[in-house]
1. Want the number for residue 187 to residue 351: 0.36 nm per residue separation, take away the alpha-carbon distance, what's left?
2. So how far apart, in nm, are the two label points at residue 147 and residue 232 if each is 7 Å from Cα heading toward Cβ?
3. Using just the helices of the chain, give the 222 nm mean residue ellipticity in deg cm²/dmol: DSSP H runs with n ≥ 4 each add -39,500 (n - 2.57), and the total is spread over all residues, rounded to 500.
4. At each listed q (0.18, 0.20 Å⁻¹), what is the log10 of I(q)/I(0) that the Debye formula gives for the range 293-371 modelled as equal alpha-carbon point scatterers?
5. Can you list, bin by bin at 10 Å, the percent of alpha carbon pairs in the range 55-388, starting at 0?
6. For the range 83-174, with equal point scatterers placed on the C-alpha atoms only and solvent neglected, what are the log10 I(q)/I(0) values from the Debye formula at q = 0.14, 0.24, 0.26 1/Å, to two decimals?
7. In Å, what is the Rg of the alpha-carbon atoms in the range 143-286, and how long is Dmax?
8. In the range 154-229, if every C-alpha pair distance is counted and binned at 5 Å from zero, what percent goes to each bin?
Ligand SMILES: Cc1ncc(COP(=O)(O)O)c(C=O)c1O
């Protein structure tokens with residue numbers, strides 16, 4: 001118990017609607033009462049945060065034997081966080097469990113966030129806000145080469161969900177726009193909840209790194225599943241963007257299975273700033289959870305060599321990866337995040353960076369609605385019938 005400190009966030013004593021519930025993490029039962037056991041300490045720490053039941057959990061944990069054979073080893077598993085439910089699923093559902101519970105606890109009636117036009121975070125924030133009775137306001141940055149009409153992919157889903165979508169043109173000041181929208185909401189007597197892109201960095205109304213706490217808890221779910229399956233995980237590979245998915249996994253691993261290497265594959269940022277960002281969020285998470293842990297630079301590994309020409313820019317390797325994963329395991333990846341992350345995993349496996357006894361888990365973080373707006377780039381390398 002002495003590894004725990006009291007923390008300032010939490011439920012706000014019964015302020016939450018009956019549909020919200022506190023949750024102490026999956027299956028602490030077997031170790032109940034052992035206050036020195038890391039899992040018990042961890043579960044108590046997570047249990048202090050309120051959660052909204054948005055995500056369908058636990059997500060499946062499955063072996064990918066055909067893909068592993070195709071790559072020539074190691075043993076490969078997938079953690080299906082693309083199957084979290086909530087408007088087509090993805091990693092944001094777990095984060096929103098914590099973040100939107102905080103918004104409800106604070107009496108919010110709208111949720112304001114920002115991202116790119118094809119954002120999975122924006123789509124799932126819209127869905128979660130709707131589910132909990134709040135109005136989503138999405139400030140979405142458009143690249144010069146990106147069209148917003150007719151709406152496609154995530155943007156189409158934002159529209160169906162009735163989000164108030166504001167487009168920022170290249171060069172416009174996003175921060176000023178968010179501040180202005182929040183001020184207008186307040187002047188109208190409303191109580192907006194402002195949360196940063198990806199639910200990663202604290203700021204606005206999210207004062208604790210709740211997205212990262214959610215992914216620490218995902219790691220806890222994963223180790224329990226691996227234990228039940230009788231396997232010892234050695235690596236977790238996943239797409240890393242705004243950073244809280246990786247930060248949470250790093251904290252969970254450090255606490256519960258310190259030999260597991262968490263490998264983030266950057267989808268846009270370069271190595272040094274991405275690692276610094278993840279480390280900062282991880283350290284903030286340790287503090288917010290009141291854990292007696294040291295997380296340092298050696299715990300955070302982000303590879304930036306699979307970014308290609310930049311964030312959201314498709315390349316041939318990614319198309320091949322998407323096709324091979326679909327054709328060996330029937331699993332759909334996305335062109336922006338998981339396609340790039342799996343390309344990194346393939347490269348590392350083919351270059352002998354894992355041993356035959358390693359057990360590598362690919363965390364599938366979702367993003368599949370973006371397959372549709374990328375149809376042209378995908379089809380270029382996937383021949384088939386045409387109308388001509
Ligand atoms: C499908 C998908 N995978 C991975 C990520 C990266 O997660 P994080 O932003 O927590 O690093 C994102 C972020 O938007 C995403 O949409």
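1. This chain segment gains 53.2 nm when fully extended.
2. For residue 147 paired with residue 232, the spin-label model returns 5.5 nm.
3. Value at 222 nm, helices only, nearest 500: -12000 deg cm²/dmol.
4. -0.81, -0.96
5. Final binned percentages: 6, 27, 36, 23, 8, 1, 0.
6. -0.47, -1.20, -1.34
7. Cα-based Rg and Dmax for the range 143-286 come out at 18.5, 57 Å.
8. Final binned percentages: 3, 12, 13, 17, 19, 14, 8, 6, 4, 3, 1.
Laboratory data are not the source of any read-out in this text; all were calculated from the coordinates shown. Because the structure is a prediction, the values reported are computed rather than measured. All Cβ positions, even for glycine, are placed from backbone atoms using ideal geometry, and neighbour counts span all protein chains on display.
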